[in-house]
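Peer 1: Have a look at this one before I ask anything.
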Amino acid sequence: MTRGIPTGASDVMFGRPDGELFLPANGTEGEIFEGCWCQRCSKDQFDAGGDSCTILLNALCGEQPEEWRYQDGVPVCTAFEANGNSGGNS
């Protein structure tokens with residue numbers, strides 16, 4: 001089962017087509033998305049003293065990640081790989 005978060009009133013009320021690119025509407029949505037996906041992903045080890053995910057780094061530099069898409073009406077990262085620590089990288 002994928003884990004996603006509804007963001008924005010229009011997303012919750014109307015949903016989004018599967019495959020449509022997700023772009024956070026503001027910093028809060030971005031932080032929520034990062035908390036649900038990036039902090040639980042093996043590709044982003046920055047908090048554990050390792051390397052950051054290039055997808056996240058590019059997004060923070062203003063690029064639209066191809067991997068951030070809607071699935072079942074909620075935003076997901078299609079490149080997500082669980083890090084085995086549901087509490088995030090600590």
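The values are calculated or read from the model by the stated rules, or taken from the named source; none is laboratory data. Just so it is clear, the structure is predicted and the values come from calculations on it, not from any experiment. Here the Cβ positions follow ideal geometry from the backbone for every residue, glycine too, while neighbour counts run over all protein chains shown. Accessible surface is based on the protein model in full, side chains and every heavy atom, while ligands, DNA and RNA are left aside. Shrake-Rupley method; radii C 1.70, N 1.55, O 1.52, S 1.80 Å.
Peer 1: Considering only the stretch 18-42, state which residues are surrounded by 17 or more Cβ atoms within 10 Å (Cβ to Cβ) and in contact with a strand residue (DSSP E or B) (Cβ under 9 Å, 6 or more places away or on another chain).
Peer 2: Matches in the stretch 18-42: Phe22, Pro24, Glu29, Phe33, Cys36, Trp37, Cys38, Arg40, Cys41.
Peer 1: For the chain, which fully contained helices (runs of 4 or more DSSP H) count at least 1 residues that are at pLDDT 90 or above? I'd like the intermediate steps shown before the answer.
Peer 2: Values: elements: 9-14, 27-36, 54-60.
Ranges flagged: 27-36, 54-60.
Peer 1: Now, a different point. Looking at the stretch 46-75, which of its residues are open to solvent by less than 80 Å² (accessible area, probe 1.4 Å) and over 16 Å from Leu23 (Cα atoms)?
Peer 2: Those that are open to solvent by less than 80 Å² (accessible area, probe 1.4 Å) and over 16 Å from Leu23 (Cα atoms): Ala48, Gly49, Gly50, Ser52, Cys53.
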